[in-house]
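Worksheet: the structure to be examined is printed underneath.
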Amino acid sequence: LLMNGLVVAASLPDDTQIQAAVDKAYQDYRSLSDGANADYIPALAEVDPALFGIALITTDGKLYSAGDLNTQVSIQSISKVFTMAKVVEESGRLSIYDNMGVDATGQVFNSINAIEQHQGAEMNPLVNPGAIAATSMVKGKDAADIWHSILSYYSDFAGRQLTVLDDVYQSEAATNQRNQALAMLMYAYGHINGDPLQATDIYTRQCSVGVTAKDLAMMAATLANAGKNPVTGQPLVQSENVPEILAVMATAGLYDDSGKWLYKTGLPAKSGVGGGLIAVSPGKFGIAVISPPLDAAGNSVRAQKAITDISNALGGNPY
Ligand code: DON
């Protein structure tokens, strides 16, 4: 829009139109049963595949929702965004860029080859090796202190105290030998700060944090709102650090399908194998959908469809 010679962002449609877009996506995809729960972490296979919740929170803190807003799933890889934010806040905007990098790997999220390609560099903090390295960069005097600092940071984004889903943590901790191997290799190439197995354990805990669709929407809305929680008003990321975080989400948020996603929506986003997906329309809204069945790339089928339709109906694409 051009007003008085100034280019200004088009504003969102009114309340009823936003709610109507959310309701329509819920109705359109409610009975869609494509995809399958992740099962390489045994506890994830047991989550009800019918679970479906949509939440959108605007930068002025209004919530629009449909479906299940009360059931928690594990946050999984969506946590990686917020650990990246923590490291950038604690250690500066170049800390992530200089360690594991901010490039797409072209490989699956837990690829050994991606490490070998550039000896643990030229990847990003949203794939497992980069994420475990990012977790190892969080400051604290011991493992418990680092963990509490991470959990309280995530909780501030959600605007409530979050906790670990213990069954998911136990299940993942018993089966995370591959992540331990990734961490060891990243350590061997000099990208892990301290004990790689400690970093892997803290990473496993962070992936097991329980969140609802509303929690995830609040976390996304905080990024949409230049780093300030739109309801509590708490500043969590300095506004000048937000664009870099969104850039990494745009590059690598949906793994091998990140390009396709950006092509269709223009939205920085992040998926998790628990079935959550967050997306950010800067200055406008954060949106989250929870629906456990995933496609072949590891992204929630219904979440991708619902967010694409809602954002396109609301003019959420910043490009
Ligand atoms: O480390 C893992 O494999 C899981 N805790 C997280 C992976 C994940 O969510 C990838 N998402 N698409």
By residue number, the members of the stretch 182-209 that are hydrophobic (A, V, I, L, M, F, W, C) and touching a helix residue (DSSP H, G or I) at 6+ places or on another chain (Cβ under 7 Å) are 182, 183, 184, 185, 186, 192, 197, 199, 202, 207, 209
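Would the stretch 45-63 turn up any residue that is within 14 Å of the ligand (Cβ to nearest atom), surrounded by 15 or more Cβ atoms within 10 Å (Cβ to Cβ) and more than 22 Å from residue 317 (Cβ to Cβ)?
Start the filter on the stretch 45-63 by keeping residues that are within 14 Å of the ligand (Cβ to nearest atom), which leaves 45, 47.
In the following step, the residues that additionally are surrounded by 15 or more Cβ atoms within 10 Å (Cβ to Cβ) were identified as 47.
Restricting the remaining residues to those that are more than 22 Å from residue 317 (Cβ to Cβ) gives 47.
Yes, some residue in the stretch 45-63 is within 14 Å of the ligand (Cβ to nearest atom), surrounded by 15 or more Cβ atoms within 10 Å (Cβ to Cβ) and more than 22 Å from residue 317 (Cβ to Cβ).
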The condition from (1) under 30 Å from residue 25 (Cα atoms); (2) modelled with pLDDT under 95 that residue 74 misses is numbered (2)
Those residues of the stretch 182-210 that are within 18 Å of residue 82 (Cβ to Cβ) and free of Cβ contacts under 8 Å to residues at least 40 places away in the same chain come to a total of 1
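Can you find even one residue in the stretch 189-208 that is in contact with a strand residue (DSSP E or B) (Cβ under 8 Å, 6 or more places away or on another chain), assigned to a helix (DSSP H, G or I) and within 15 Å of the ligand (Cβ to nearest atom)?
Taking the stretch 189-208 first, the residues in contact with a strand residue (DSSP E or B) (Cβ under 8 Å, 6 or more places away or on another chain) are 205, 207-208.
This time we only want the ones that are assigned to a helix (DSSP H, G or I), so: 205, 207.
From the residues that got through so far, the ones that are within 15 Å of the ligand (Cβ to nearest atom) too are 205, 207.
Yes - at least one qualifying residue is present in the stretch 189-208.
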Hey, any hits in the stretch 65-78 for a residue that's surrounded by 24 or more Cβ atoms within 10 Å (Cβ to Cβ) and either part of a loop (DSSP other than H, G, I, E, B) or out of contact with any Gly (no Cβ under 7 Å at 6 or more places or on another chain) (or both)? yes
Practice task
For the stretch 83-103, indicate whether the set of residues that are within 27 Å of residue 41 (Cβ to Cβ), small (Gly, Ala, Ser), assigned to a helix (DSSP H, G or I) and away from the ligand (no atom under 16 Å from the Cβ) is non-empty.
Solution key: yes
Restricting the stretch 243-291 to residues that are among the hydroxyl-bearing types (Ser, Thr, Tyr) and not in a strand (DSSP E or B), the one farthest from residue 46 (Cα to Cα) turns out to be 263
For the stretch 236-260, pairs from a residue that is farther than 17 Å from residue 100 by Cβ to a residue that is among the aromatic types (Phe, Trp, Tyr), with Cβ under 7 Å and 6 or more apart or across chains, are 236/157; 254/261
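Just to verify a result, which residue in the stretch 161-179, among those that are in contact with a helix residue (DSSP H, G or I) (Cβ under 7 Å, 6 or more places away or on another chain) and surrounded by fewer than 18 Cβ atoms within 10 Å (Cβ to Cβ), is nearest to residue 139 (Cα to Cα)?
Going through the stretch 161-179, the residues in contact with a helix residue (DSSP H, G or I) (Cβ under 7 Å, 6 or more places away or on another chain) turn out to be 161-162, 164, 167-169, 171-173, 175-176, 179.
Adding the requirement that they be surrounded by fewer than 18 Cβ atoms within 10 Å (Cβ to Cβ) leaves 161, 167, 173, 175.
Values: 161: 21, 167: 27, 173: 22, 175: 27 Å.
Ranking the qualifying residues of the stretch 161-179, first place goes to 161.
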Log entry, pairs with first residue in the stretch 150-168 being of a type in the set (Val, Ile, Thr), second being assigned to a helix (DSSP H, G or I), beta carbons closer than 6 Å, six or more apart or on different chains, reads 150/206; 164/205; 168/43
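The values are calculated or read from the model by the stated rules, or taken from the named source; none is laboratory data. Remember, predicted model here, so these are calculated numbers, not experimental data. Here the Cβ is made from the backbone with ideal geometry for all residues, glycine too, and neighbour counts use every protein chain on show.
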